[in-house]
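As structure tokens, the structure follows; a few thoughts come after it.
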Amino acid sequence: MAARAQPVSAWPGAVAAALVAAVILGTLGTVAATAEAGGRFAPGDWAALRFTLVQAVLSAVLSVGLAVPVARALARRRFRGRAALVALLGAPFILPVIVAVLGLVTVFGRAGWVSAGLGLLGLPPLSIYGLHGVVLAHVFFNLPLATRLILQGWQEVPDERFRLAAQLRIEGWAMWRLIEWPMLSRVVPGALAVVFALCLTSFAVALTLGGGPRATTIELAIYQAFRFDFDLGRAALLSGVQLVLTIAAASLALAAGAGAGFGAGLGRAVRRWDARGRAARAGDAAWIALAAVFLIVPLAAIVAAGLPGLADLPVQVWRAAGVSLLVAAGSTALVLALALPMAAAVARGRMGVVEVSGLLGLAASPLVIGTGLFILVRPVADPFALALPVTALVNAVMALPFALRILGPAAREAVAAHGRLALGLQITGWRFMALVMIPRLRAQIGFAAGLSAALSMGDLGVIALFADPETATLPLQVYRLMGAYRMEQAAGAALLLLVLSLALFWTLDRGGRWHAEA
């Protein structure tokens with residue numbers, strides 16, 4: 001049977017997927033080949049594997065489970081400040097991890113605000129360290145991301161479906177069974193897989209809130225194998241295990257979430273006639289308020305700690321901020337150059353290899369990729385001179401899974417809704433991309449670009465491996481100020497980093513949704 005004609009070509013996406021796979025698997029293979037023979041699992045590595053799986057499952061279930069009612073409430077309500085709240089939902093995920101952990105400790109730590117309140121009631125203080133602290137931090141980081149992903153799924157249900165349901169007086173359980181559950185069954189598995197994979201590769205959270213023998217993740221074990229033992233064989237083995245786990249989770253999610261969407265509508269703003277009751281309004285308000293408090297209070301703690309140091313920032317901090325902006329711009333451009341053709345290839349169907357290649361970044365350790373690039377570059381060039389381009393490249397690979405997850409469903413809808421007409425008009429290839437797909441994906445492109453830029457701004461991983469004393473991004477400069485015990489300046493620089501990250505995200509995300517429904 002001849003293949004069905006498609007308005008977009010698969011080969012640009014296939015080439016992009018091959019490049020991504022080459023970077024990730026090539027660097028992993030380079031580290032494994034360089035390692036001495038005999039790398040094997042130590043008893044502590046089995047404990048790290050168990051802890052990683054337990055905390056990742058708990059974090060994913062809690063994050064996505066709480067995100068469903070929050071996203072449902074936001075999808076059903078229109079109120080003043082809603083657009084700002086939706087934009088703010090991206091804040092914890094794009095926060096530099098060490099800065100966000102500082103905010104959580106200020107609120108939930110033994111000397112934090114909540115413990116102080118418990119003390120007034122004669123109750124013992126909270127302890128944020130261990131499994132529950134790691135899970136709390138992961139929920140803080142991932143609940144907003146899961147909410148945005150599920151909210152996007154709700155917004156892709158055409159208004160005509162709800163309008164017809166209102167005419168037929170479909171409400172309550174029937175509305176859930178006919179419209180909401182089919183949408184969730186398509187979106188939630190992907191959100192679970194993304195959060196699960198993110199928590200599999202957790203490093204800074206486990207380092208600061210776990211870190212002991214009973215609370216060590218695989219990523220932290222990889223870091224210890226590199227930093228303290230320089231056991232490349234063990235590190236490569238741990239990276240391989242992490243890669244297999246994440247690919248397995250992604251494959252299950254893709255299989256579970258492969259259902260058809262609701263099709264295209266006329267693009268009108270969605271109205272929910274089934275949510276006008278007093279109980280529905282009160283329930284939605286409660287979920288939105290709880291999520292906002294959980295999100296905003298730690299951010300307020302960060303601002304309160306950083307404001308006094310803003311006026312005394314050294315010139316190195318401003319120079320590092322400029323470097324971070326350049327790295328973020330390069331990384332974002334690279335992410336879009338890879339993700340758009342890969343999303344177009346996925347939209348054609350039967351391109352699971354491309355999608356899996358795009359998800360490899362979730363499984364790979366940035367430390368292993370950086371070390372592999374260091375080994376590959378060293379014979380032909382000075383690795384330290386390439387610190388910034390290598391950092392931008394690794395940041396792009398790490399952000400690619402999120403961009404592909406954001407762009408993929410919308411690309412499928414664009415091809416399904418407009419592909420046949422475009423073929424009839426002979427609008428194919430790059431013309432279909434320019435005239436049909438990119439305009440239809442404008443909101444998703446803005447969201448993906450904002451997320452990628454902010455993640456790159458806050459990254460503190462590969463740059464620490466490559467940077468010389470004269471080169472620093474802003475997160476590395478914050479780390480150096482903390483190491484020098486200049487805590488007030490470090491807090492001020494951290495606040496500057498937070499402001500720049502949020503500004504980049506808001507500008508790009510808002511630019512993509514300009515004149516579109518939020």
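Just a few scattered comments:
- Under a model in which nothing but the beta-carbon of Lys, Arg (+1) and Asp, Glu (-1) is charged, the range 78-203 shows a dipole of about 200 debye around its Cα centre.
- Residue-span extension gain [residue 229 to residue 416] - 0.36 nm each, minus C-alpha spacing: 62.1 nm
- Local electrostatic count at residue 286 - Lys and Arg +1, Asp and Glu -1, tallied over other residues with Cβ under 14 Å: +4
- Helical runs (DSSP H, four residues minimum) scored at -39500 (n - 2.57) apiece and divided by the length of the chain put the mean residue ellipticity at 222 nm at -24000 deg cm²/dmol.
- Amide N of the range 286-315 lying under 14 Å from the label point, which is placed 7 angstrom from the Cα of residue 113 along Cα→Cβ: 290-306
- Residue 108 accessible area, assembled protein chains, probe 1.4 Å, Å²: 40
- Apportionment of accessible area to carbon and sulfur, the chain, percent (1.4 Å): 67
- Dmax and Rg, reported as Rg then Dmax, of the chain (C-alpha, Å): 23.1, 75
- Per-residue surface analysis assigns residue 281 an accessible area of about 120 Å², computed on protein heavy atoms at 1.4 Å probe radius.
- Helix runs (DSSP H) in the chain reaching 18 Å along axis by Cα, Kyte-Doolittle at least 0.0: 11-34, 43-76, 131-155, 181-200, 232-256, 278-306, 315-347, 387-424, 442-458, 487-512
- Counted charge near residue 478, where neighbours are those whose Cβ lies closer than 14 Å (Asp, Glu -1; Lys, Arg +1): +1
- Surrounding net charge for residue 217, when Lys and Arg each add one and Asp and Glu each subtract one, Cβ distance under 12 Å: 0
- Taken per residue, the accessible surface of the chain reaches 45 Å², heavy atoms only and a 1.4 Å probe.
- Distance in nm between pseudo-label sites at residue 438 and residue 164 (7 Å out along the Cβ direction from Cα): 3.4
- Largest accessible area first, the listed residues 229, 159 line up as 229, 159 when surface is computed with a 1.4 Å probe on the assembled protein chains.
- Accessible-area rank, largest first, for 451, 310, 207: 207, 310, 451, with all protein chains present and a 1.4 angstrom probe.
- Computed about its Cα centre, the charge dipole of the chain is approximately 1960 debye, with only Lys, Arg, Asp and Glu carrying charge at their Cβ.
- Our estimate of slack between residue 286 and residue 386, defined as 0.36 nm per intervening residue step minus the Cα-Cα distance, is 31.0 nm.
- Fully extended contour minus Cα-Cα distance, from residue 293 to residue 127, at 0.36 nm per residue: 57.7 nm
- Placing unit charges on each Cβ (+1 for Lys and Arg, -1 for Asp and Glu) gives the chain a dipole about its Cα centre, and among 317, 409, 473 the Cα reaching farthest toward its positive end belongs to 409.
- Positive-end residue, the range 15-154 charge dipole about Cα centroid, Cβ charges, pick of 52, 105, 74: 74
The values are calculated or read from the model by the stated rules, or taken from the named source; none is laboratory data. These figures come from a predicted structure and were not determined experimentally. We place every Cβ from the backbone using ideal geometry, glycine too, and count neighbours over all the protein chains shown. Calculation scope for accessible area: heavy atoms of the full protein, side chains included, ligands and nucleic acids excluded. Shrake-Rupley method; radii C 1.70, N 1.55, O 1.52, S 1.80 Å.
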